[in-house]
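Okay, structure first, notes after.
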């Protein structure tokens, strides 16, 4: 019988063997499991031997392929040398030949020789590049396989890290060569494709294992930290006693973590470079290939899982969810700048800020939870709410959630802005750090929000518009420069507050096309509703008294003032960059062409182009109606005056400076225009009285001067005095009112001419009219006026 071999000394065991034995035999009863453990170990050893044999066979086949490739390259080089020798001999022949022979060779043989030399040089460069790439890719594959075989390398040892870093450095060298080849030799595309395929295969094995090792290391660090201290009653206050495992790292553990983090950043940077080359990107277009930082994502993922245990208890109190996420984000953001950002900079990962990536990852995890768990509940409540009370409660809950999202976004964006790097004016950056980005993937939810927002505003606005005092009290806000110009009622200021609130909420939406969509669904109908209210008040006044009463004129004037004021404020707002951007970025970049887009602008006037047109149309229509109402009353009171054809041949009554029949009409005209002037804004009143003057000019001209009336000298003087009094009514608003009565003024010019002047002028025709300043009367009209003059 063979002697039993003594057990080796415990001191001779390695640390890993000692740890293995300690874990396997914690108690004496564990010794009974020894046969099963031995069987498992033998099975594992057998599998490892088989794997090692397979690796040896793979290595042999690789070496054979490399030797075959080297032989082919060697053959090519031999051929190149032979052709170079032939070229050298050809050159010697040229030198020994005559001058005529030299010219003949230079003219016919040298171009073909130069072309052949270029081809040879190209083959040589291709062979050298292919050989170099094959060598590098072989080193990459060997390094990757070695880094994955943890049984051959002590786990977490320095040599393990060195092998992985060597693989990454070799990958970078390979990518640099491929970049040069792709740029200088586009015809070598097949070579680049083959190398890319082998490198992608190596990266596909390297990245998952690198991430797995990083996760294991984070777990050994104690990450994620306990959230018990973060769920205190006061979630808004910053905890002074927060334990940050990243700050507590020391010695070898810190070195290992930094090495892993640096390796992952380098690997991601390499991936981005490869993607940029393959897609033909140029510098400055990294936004197209921006990916979340892998190492930061791995920090956030376990925190998200731990946080969701608390989220499930707060489905009816979403403010706690937002508070917890913000607290975690804020409490650990400093470690991103102080500890991890230098590692990212060292890895030369351009365009990345650890602070921004941390905030972005936390916001993304929150947004994902909202999409999966919170919003479906709120949408269901809205769909199921039949009773008015339940529907109102569901809408209030929705608006409360949106308010929380807007507040949360502002707070986390303030954390990012402290870095001074990220431009929050760019939509792409806002999308990454905004919880409202959930609406980008679910525009139907944005439409629902806009509908709820619109209903809420319209209910409040209706109450304000139904209060009559809001239509009589004028806006007195000195901060509003246009309020004194348009003299609007206070209801217009209240309306602008509601509209401004909608616009401010839309500014929180992180995409231009979504902002435009929201405004078209919420703001535009609000403007339309206010315009409908203005129109209703004017039509109500017109329907009751046909605007014959002064109160009705005041009512219409106030409505016009409100509409013009709103129009001017909207015009001023639309000059802001916020609205100008919508003119160029209203379309969803992910939307297929030809699909109907609710945000498509109707014209070049911007987001509120249709509303501008409607407000202007309303204003001009009712200014004209004011003018028509006054003209109608004036016409009724001057009917006898215009029908009295004999008065223009009678002697003038020197006691009266104006015809008695015209006094009442002029008094009516002055009274109505004064009422309108007191209540209507200056710009629209100017348009009104000018239109009125033009209509009176046409009325008197057609009813008197074109009615075959005969004027004596006293009649002309009487008509002149009447017109002077009429002009005087309008002299309060202009220096030369007769300029707004062109036909009457020029008709008086013709009537005041002597008989000889008229006869001479009529014989000369149109030229005579222009010489005497007659511009608005046609030649036929001037002749008819002249023939109405009776000379005694």
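The number of residues in the range 339-360 that are more than 30 Å from the chain's Cα centre (by Cα), part of a helix (DSSP H, G or I) and in contact (Cβ under 8 Å) with a residue 12 or more places away in the chain comes to 4.
The set of residues from the range 525-563 being closer than 15 Å to residue 496 by Cα and part of a loop (DSSP other than H, G, I, E, B) is empty. With respect to being within 39 Å of the chain's Cα centre (by Cα), in the same structural domain as residue 514 (by TED's automatic domain parsing) and under 19 Å from residue 473 (Cα atoms), residue 551 falls outside the description. For the range 646-678, a residue qualifies if it is in contact with a helix residue (DSSP H, G or I) (Cβ under 9 Å, 6 or more places away or on another chain) and under 20 Å from residue 734 (Cβ atoms), and the qualifying residues are 666, 669, 670, 671, 672, 673, 675, 676, 677, 678.
Scanning the range 636-655 for residues that are part of a helix (DSSP H, G or I) and surrounded by fewer than 16 Cβ atoms within 10 Å (Cβ to Cβ), we see that the one that is modelled with the lowest pLDDT is 646. Looking at 773, 761, just one residue is assigned by TED's automatic domain parsing to the domain that holds residue 716 and on the phi > 0 side of the Ramachandran plot, and that residue is 773. Taken residue by residue, the range 361-370 has no member that is outside any helix (DSSP H, G or I), under 26 Å from residue 271 (Cα atoms) and under 27 Å from the mean Cα position of the chain (by Cα).
Report whether or not residue 784 is under 19 Å from residue 716 (Cα atoms) and in contact (Cβ under 8 Å) with a residue 40 or more places away in the chain. It would help to see each step written out before you state the result.
Details: under 19 Å from residue 716 (Cα atoms): yes; in contact (Cβ under 8 Å) with a residue 40 or more places away in the chain: yes.
It is true that residue 784 is under 19 Å from residue 716 (Cα atoms) and in contact (Cβ under 8 Å) with a residue 40 or more places away in the chain.
Going by the conditions given, is residue 42 modelled with pLDDT of 70 or more, assigned by TED's automatic domain parsing to the domain that holds residue 138 and farther than 30 Å from residue 139 by Cβ? Working first, answer last.
Details: modelled with pLDDT of 70 or more: yes; assigned by TED's automatic domain parsing to the domain that holds residue 138: yes; farther than 30 Å from residue 139 by Cβ: yes.
The answer is yes for residue 42.
Among the residues of the range 195-216, the one identified as without any contact (Cβ under 8 Å) to a residue 60 or more places away in the chain, closer than 30 Å to residue 311 by Cα and crowded, with 16+ Cβ neighbours inside 10 Å is 213.
Select the helices (runs of 4 or more DSSP H) contained entirely in the range 153-272, then report the ones holding at least 1 residues which are modelled with pLDDT of 90 or more and within 29 Å of residue 62 (Cα to Cα). It would help to see each step written out before you state the result.
Working: elements: 158-184, 189-221, 245-248.
So the answer is 158-184, 189-221.
Under 24 Å from residue 565 (Cα atoms) and either modelled with pLDDT under 85 or not assigned by TED's automatic domain parsing to the domain that holds residue 694 (or both): which single residue out of 607, 675 fits that description?
Working: 675 fails: either modelled with pLDDT under 85 or not assigned by TED's automatic domain parsing to the domain that holds residue 694 (or both).
From the options 607, 675, the qualifying one is 607.
Annotation: of all residues in the range 499-516 being within 8 Å of the chain's Cα centre (by Cα) and in a helix (DSSP H, G or I), the one that is surrounded by the most Cβ atoms within 10 Å (Cβ to Cβ) is 515.
The values are calculated or read from the model by the stated rules, or taken from the named source; none is laboratory data. As the structure is a computational prediction, the values presented were derived from the model and not from experiment. Positions of Cβ are generated from backbone atoms using ideal geometry, with glycine treated the same way; all protein chains shown enter the neighbour counts.
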